[in-house]
Structures are given as C-alpha cells and as structure tokens.
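Chemist: Got a structure for you, questions after.
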Amino acid sequence: MSAPTIAGDVAALRDRLAGTVLVAGQDGYDDARTLFNATIDRRPAVIARCATPADVAEAIAFGRAHDLAVSVRSGGHGVAGAALSDGGLVIDTRLMHDVHVDPVARTARVGGGANWGMVDRACQPHGLMTTGGRVTTTGVAGLTLGGGDGWLARGFGLACDNLLAVELVTADGRTVVASQDEHPELFWALHGGGGNFGVATSLTFRLHELPVTTFAILVYDPEDGEELVRRYRDLIESDAPDAFGGGLVYLTGPEEDFLPQRLVGRLTPAVVVVHAGQEPEARRLMAPLLDLGPAGQIVEELPYAEVQGALDDPPGYRNYWTAEHLTRLPDEAVTAFCRRASDMVVPSPSQHALLPWGGAIAAQAGTWPIANRDATWCVHPLGLWEDPADDDRAIAWAKAVRADLAPYAAAGTYLNYTTDEGRDRTIAGFGGEANYRRLAAVKAEYDPDNVFRFNHNIEPATA
C-alpha cells in the first residue's frame, strides 16, 4: 500500500482510538520506541498507544489490514526486544495501567500496561502483596504470562500461580476473559505460554497478607565467595522455610555507606535476603551467613513495596540474559559458578546470580506449561553494560556460565530470563513436547494466523 494511503489510514486510526498513534517524525515517537535494552534500536511504522480493549482491537485490525508485523509492548523490560519490529505495528498498552485493589476479597485487577511498582504501591496500604518481579520496573503482563519469578516465589508461588483471570484481545478482535471457569484451556496456556494468544488488557490476582518483610544485603570479600555459596546452598537446601527468599549474586561493589571503600567498584559476592517475617527470625536463619563475617551489611524491616524498589535496575544499558535450572549444586558446581564470575564486565550493573527455587514453586510442578518447577536452583547471568565494545565479552560470559553448569542442569529453562535460544530450548522451556502440542492447539484456536509471533513463539497446530 502506498505511503499516502497508509498515512490517511493512520489518521483515521488516530481518530478512532481513545489513546494515541505515533509515527516517525512525531514528538514522542523516539521515546515510545526506546526499550530497556539499549542494544535494540528498531523503527516501527506505527505505534498505537492503546487506552482501552477497544483500542487494541482497532489496532490489531489496522495491522492485519495493512499486512504489518504486529508486536506488543506492555509495562516493562522486554529485554529480548520482542516489543518492536522494524516497519511494523506496535500495540503499546502502557496507558492501561490502573490497579484496583479489593482488600476484602484480597484481589487486585491490574491493567495490562502496569509495572510491578504500581501494583506493590497500591497493595501496600492494605498490608497485601502478590509475587511480582524483583524490581519495580518489570511489566506485570509479560512477567506473569511467562511464569513470574520473584523474591518471595518460594513462599507465595510464581506470579502466574496467583492469577484468577486474564482479559485478552485475540487476533480477530474479540475480548475474552480466561479463568478456571471460562476458556479454561486458554487460561492454562497463559500460565507460561507468554504473549502468543493475544493482548492482555487486564489481569486479576489473588493477594496475600504480608504485614512485615525483612530485607538484608550481606556483601563479602571476594576470597570468601566459594564458602559463601556453599553456606547459602546448605541453608536453602536444609533449614530455610519457604518464607525465606532472596538470592546470591556476584556484583560490582556499590558506592554505599555500608560498604568498605576497598570493595567499591570491585567484583564482590553478596546475598540478598527477602524474608516474609520479622527481623529476629531472619537473623536466626541467616546465622551461618553472618558468622562468615560480611564486609558490609544492611538488615532491616521494610514495607514490601520498598523492598521491591531497593535494587531497581537502570534502563538504557546494553543487555544480554540467559538462565539454567540446576537439579543439584555440588561443590564442583559451586567452584565453576564462582570462577566464571571473574569474566563478568566490571564495573557494571551486571549480576552473576544464583536464585533458589523450591517451596511453593515446586508445589505446582506439572500444573502449568513451565519447565523444571521442581528444580532447586536457577542460575541467571544478567548482563548489563554500557560500552558496545564489551558486547562480545559480556555475551560470551553469559553463555559460558550456561556451558560450565550444563552437567548439573535440567533440560528446560525459564523463558522469561532468555532471548531466542532456538526452537529446542523454547519447547523445553514450555515443559516439553506434550505441553508444546497442547499450547499449539490453543494457539490454533485463538491465533491461527500467528499474528502474535514476536515472542517465544508457538506455531499454531495444523489439522
């Protein structure tokens, strides 16, 4: 279709939407196409900033009528860059970010473009929470539909485990509500199947009481790294209750008052503790870690919403992420994990992370299309760096972490932590061939033409 024709149709689309429509050259276009990951620089033909489900339906129809590749941008990171395509249509849901909390029913209805900071702040006055991302800037829809790991997932399950309903606009423009009672097979697919089936315009969550949270950061001298990992492993695998969340990371020592200057700017191991309980109990559980003698520490009770923002990661860096689930963590794996940390780009916001699973995560193993919910550990090299000259080094480090720990890894991975690593990895991440075939059947019902394909894509089943 000629440029004048599509320009006229864009103007007509703009008139029909309650939201806004942006094209190249307009104020706001470059901001609207800027992603968290600075390695992604794409120029869509049209960005439809939708304010209602009806807007979403109009935008989908426009994209299909003009044979434009359709991508979806919700509230947060989108590190793989799937939210944008060169020359395509972006359906941007970030105007739909309202959060409505019902403190009596203990539920929250969340707009599809919200981020977790908005949810946490809305729930905090009621002493309520649900599992969300580890930082405030993570988008609710993307995280949840891909599973939804978080600091307290061991205690309260993944974000998707707390889903009660999803309002979705499908490829043919219908608005459907998926729950256990309505469209139950679609509801199953939305617990790990990602954005393959439509555009999520709202999500309803079960909430939990959480009157107090203890937050701690314990930072150690580099030479204590292996012993720290062994102690943390033993604590998680033996004594730690499900309410004891957090993770272990190698990071660049931050410029903070609690940290000795000798560690600022250096690669240092640290433990983050997020405990759904009071400080005395958290200190008792942390005793083996405290006995090792951290070089710097913070231990304090905080509102959950403040905990969620304590380690916010900065936008505008170059990013590469990957992950492996581990079925075991013997001393040889500990050594391999610690040794490879030295290849991380330092100084940078990168993290060489070891995250505990188990607890409520494992309790629903096999229920939803998410691999390895019974794994004890998730290794997550989280690369963020500034200089394009470090691209090869940063990506090689992340891939090397996976290679080093492959002897201890399960077959699948947690897809929210990865880019496109090939069809086999994608299928394994959904829990294997049987789950993938079931997902493909759902895809064929709700998106038979694979309109929503910028994701860990599921090809529609054919007759």
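The values are calculated or read from the model by the stated rules, or taken from the named source; none is laboratory data. This structure is a prediction, so every number in the text was calculated from the model and none was measured. Quick reminder, even Gly has a Cβ in these numbers, built from the backbone with ideal geometry, and neighbours come from all protein chains shown. SASA here: full protein model, heavy atoms, side chains in, ligands and nucleic acids out. Shrake-Rupley method; radii C 1.70, N 1.55, O 1.52, S 1.80 Å.
Chemist: So which pairs qualify, if the first residue must be in the range 14-38 and without any contact (Cβ under 8 Å) to a residue 24 or more places away in the chain, the second must be buried (at least 20 other Cβ atoms within 10 Å of the Cβ), the Cβ gap must be under 7 Å, and the two must be at least 6 apart or on different chains?
Modeler: Qualifying pairs under 7 Å: Arg14/Val21; Gly28/Leu22; Tyr29/Leu22; Tyr29/Ile47.
Chemist: Among residues belonging to the range 289-340 that are over 22 Å from the mean Cα position of the chain (by Cα) and of a type in the set (Gly, Ala, Ser), point out the one that is nearest to Ala122 (Cα to Cα). Before the answer, list the steps.
Modeler: Applying the first criterion (over 22 Å from the mean Cα position of the chain (by Cα)) to the range 289-340 yields 289-302, 328-340.
Subsequent filtering for residues that are of a type in the set (Gly, Ala, Ser) retains 293, 295-296, 333, 336.
Numbers: Gly293: 38, Ala295: 36, Gly296: 32, Ala333: 41, Ala336: 42 Å.
The selected residue is Gly296.
Chemist: If Glu332 meets every condition in (1) of a type in the set (D, E, K, R); (2) without any contact (Cβ under 8 Å) to a residue 40 or more places away in the chain; (3) assigned to a loop (DSSP other than H, G, I, E, B) apart from one, which number is that one?
Modeler: The failed condition is (3).
Chemist: May I pose another question? For the structure I just gave you, tell me whether Ala7 is at pLDDT below 95 and either hydrophobic (A, V, I, L, M, F, W, C) or under 28 Å from the mean Cα position of the chain (by Cα) (or both). Before the answer, list the steps.
Modeler: On the way: at pLDDT below 95: yes; either hydrophobic (A, V, I, L, M, F, W, C) or under 28 Å from the mean Cα position of the chain (by Cα) (or both): yes.
Spelling it out, Ala7 is indeed at pLDDT below 95 and either hydrophobic (A, V, I, L, M, F, W, C) or under 28 Å from the mean Cα position of the chain (by Cα) (or both).
Chemist: Only one of Asp92, Asp102 is at pLDDT 95 or above, surrounded by fewer than 18 Cβ atoms within 10 Å (Cβ to Cβ) and of a type in the set (D, E, K, R); which? Please lay out each step first, then the result.
Modeler: On the way: Asp92 fails: surrounded by fewer than 18 Cβ atoms within 10 Å (Cβ to Cβ).
None of the other options fit; the residue is Asp102.
Chemist: Take Arg64 and tell me if it is surrounded by fewer than 20 Cβ atoms within 10 Å (Cβ to Cβ), within 24 Å of Asp172 (Cβ to Cβ) and of a type in the set (Lys, Arg).
Modeler: Numbers: surrounded by fewer than 20 Cβ atoms within 10 Å (Cβ to Cβ): yes; within 24 Å of Asp172 (Cβ to Cβ): yes; of a type in the set (Lys, Arg): yes.
Considered against the rule, which asks whether it is surrounded by fewer than 20 Cβ atoms within 10 Å (Cβ to Cβ), within 24 Å of Asp172 (Cβ to Cβ) and of a type in the set (Lys, Arg), Arg64 comes out as yes.
Chemist: In addition: Restricting to the range 429-446, give me the number of residues that are touching a Ser or Thr at 6+ places or on another chain (Cβ under 7 Å) and either of a type outside the set (Gly, Ala, Ser) or modelled with pLDDT under 95 (or both). Please lay out each step first, then the result.
Modeler: Of all residues in the range 429-446, those touching a Ser or Thr at 6+ places or on another chain (Cβ under 7 Å) come to 429, 446.
Applying the additional criterion that residues be either of a type outside the set (Gly, Ala, Ser) or modelled with pLDDT under 95 (or both) yields 446.
Going through the range 429-446 one residue at a time, the tally reaches 1.
Chemist: Taking the stated definitions as given, is Val79 surrounded by fewer than 17 Cβ atoms within 10 Å (Cβ to Cβ) and either modelled with pLDDT under 95 or over 20 Å from Arg14 (Cα atoms) (or both)?
Modeler: The answer is no for Val79.
Chemist: May I pose another question? Quick test for you: out of Ala333, Ala323, pick the one residue that is among the small types (Gly, Ala, Ser), open to solvent by less than 50 Å² (accessible area, probe 1.4 Å), closer than 30 Å to Thr34 by Cβ and modelled with pLDDT of 95 or more.
Modeler: Matching residue, one of Ala333, Ala323: Ala323.
Chemist: Could we say that Thr426 is open to solvent by less than 70 Å² (accessible area, probe 1.4 Å), part of a helix (DSSP H, G or I), closer than 24 Å to Gly88 by Cβ and β-branched (Val, Ile, Thr) here? Break it down stepwise before answering.
Modeler: Details: open to solvent by less than 70 Å² (accessible area, probe 1.4 Å): yes; part of a helix (DSSP H, G or I): yes; closer than 24 Å to Gly88 by Cβ: yes; β-branched (Val, Ile, Thr): yes.
Criteria met by Thr426.
Chemist: Of all residues in the range 372-409 being within 13 Å of Asp343 (Cα to Cα) and acidic (Asp, Glu), which is most open to solvent (accessible area, probe 1.4 Å)?
Modeler: Asp392
Chemist: Please work out which one of (1) without any contact (Cβ under 8 Å) to a residue 60 or more places away in the chain; (2) open to solvent by 20 Å² or more (accessible area, probe 1.4 Å); (3) at negative phi; (4) not charged (D, E, K, R) is the condition Gly142 fails and give its number.
Modeler: (1)
Chemist: Another question, then. What residue, of Leu203, Leu186, is in a strand (DSSP E or B) and under 25 Å from the mean Cα position of the chain (by Cα)?
Modeler: Numbers: Leu186 fails: in a strand (DSSP E or B).
Exactly one of Leu203, Leu186 is in a strand (DSSP E or B) and under 25 Å from the mean Cα position of the chain (by Cα), namely Leu203.
Chemist: Picking from Arg262, Arg230, which residue would you name as being open to solvent by 70 Å² or more (accessible area, probe 1.4 Å), more than 21 Å from Gln308 (Cα to Cα), at pLDDT 95 or above and over 23 Å from the mean Cα position of the chain (by Cα)?
Modeler: On the way: Arg230 fails: open to solvent by 70 Å² or more (accessible area, probe 1.4 Å).
Unique residue meeting the criteria: Arg262.
Chemist: Taking only pairs six or more apart or across chains, which ones have beta-carbon atoms under 8 Å, a first residue in the range 285-314 that is within 11 Å of Leu218 (Cα to Cα) and in a helix (DSSP H, G or I), and a second residue that is among the basic types (Lys, Arg) and open to solvent by 30 Å² or more (accessible area, probe 1.4 Å)?
Modeler: That search, which allows pairs on different chains as well, returns Leu289/Arg231; Leu290/Arg283.
Chemist: Would you tally the residues in the range 164-177 being assigned to a strand (DSSP E or B) and surrounded by fewer than 24 Cβ atoms within 10 Å (Cβ to Cβ)?
Modeler: We begin by selecting, within the range 164-177, every residue assigned to a strand (DSSP E or B); these are 164-169, 175-177.
Now restrict to residues that are surrounded by fewer than 24 Cβ atoms within 10 Å (Cβ to Cβ): 164-165, 167, 175-177.
Qualifying residue count, the range 164-177: 6.
Chemist: Here's another thing I want to ask about it. Looking at the range 334-353, is at least one residue under 17 Å from Thr418 (Cα atoms) and of a type in the set (Ser, Thr, Tyr)?
Modeler: Within the range 334-353, the subset under 17 Å from Thr418 (Cα atoms) is 350-353.
Restricting the remaining residues to those that are of a type in the set (Ser, Thr, Tyr) gives 350.
Scanning the range 334-353 turns up at least one residue that is under 17 Å from Thr418 (Cα atoms) and of a type in the set (Ser, Thr, Tyr).
Chemist: Moving on. Within the range 413-422, does at least one residue satisfy the condition of being assigned to a helix (DSSP H, G or I) and either open to solvent by less than 30 Å² (accessible area, probe 1.4 Å) or among the hydrophobic types (A, V, I, L, M, F, W, C) (or both)?
Modeler: Taking the range 413-422 as the starting set, the residues that turn out to be assigned to a helix (DSSP H, G or I) are 415-417.
Still in the running and either open to solvent by less than 30 Å² (accessible area, probe 1.4 Å) or among the hydrophobic types (A, V, I, L, M, F, W, C) (or both): 415, 417.
Yes, because at least one residue in the range 413-422 is assigned to a helix (DSSP H, G or I) and either open to solvent by less than 30 Å² (accessible area, probe 1.4 Å) or among the hydrophobic types (A, V, I, L, M, F, W, C) (or both).
Chemist: Going residue by residue through the range 119-130, is there one that turns out to be assigned to a loop (DSSP other than H, G, I, E, B) and modelled with pLDDT of 95 or more? Before the answer, list the steps.
Modeler: Kept after step one, since they are assigned to a loop (DSSP other than H, G, I, E, B), are these residues of the range 119-130: 127, 130.
Now restrict to residues that are modelled with pLDDT of 95 or more: 127, 130.
Checking the range 119-130: at least one residue is assigned to a loop (DSSP other than H, G, I, E, B) and modelled with pLDDT of 95 or more.
Chemist: A further question follows. Taking Thr419 as meeting all but one of (1) within 20 Å of the chain's Cα centre (by Cα); (2) over 19 Å from Ala82 (Cβ atoms), write down the number of the exception.
Modeler: Thr419 satisfies every listed condition except (2).
Chemist: Considering only the range 1-13, state which residues are open to solvent by 50 Å² or more (accessible area, probe 1.4 Å), hydrophobic (A, V, I, L, M, F, W, C) and either within 15 Å of Gly63 (Cβ to Cβ) or in a loop (DSSP other than H, G, I, E, B) (or both).
Modeler: Of all residues in the range 1-13, those open to solvent by 50 Å² or more (accessible area, probe 1.4 Å) come to 1-5, 7, 9.
This time we only want the ones that are hydrophobic (A, V, I, L, M, F, W, C), so: 1, 3, 7.
Matches in the range 1-13: Met1 only.
Chemist: Oh, and also: Filter the range 262-272 down to residues that are outside any helix (DSSP H, G or I) and more than 8 Å from Leu218 (Cα to Cα), then give me how many there are. Let's see the steps before the verdict.
Modeler: If we filter the range 262-272 for residues that are outside any helix (DSSP H, G or I), which is where we start, we get 264-272.
Filter once more, so that each one left must be more than 8 Å from Leu218 (Cα to Cα): 264-269.
Count: 6.
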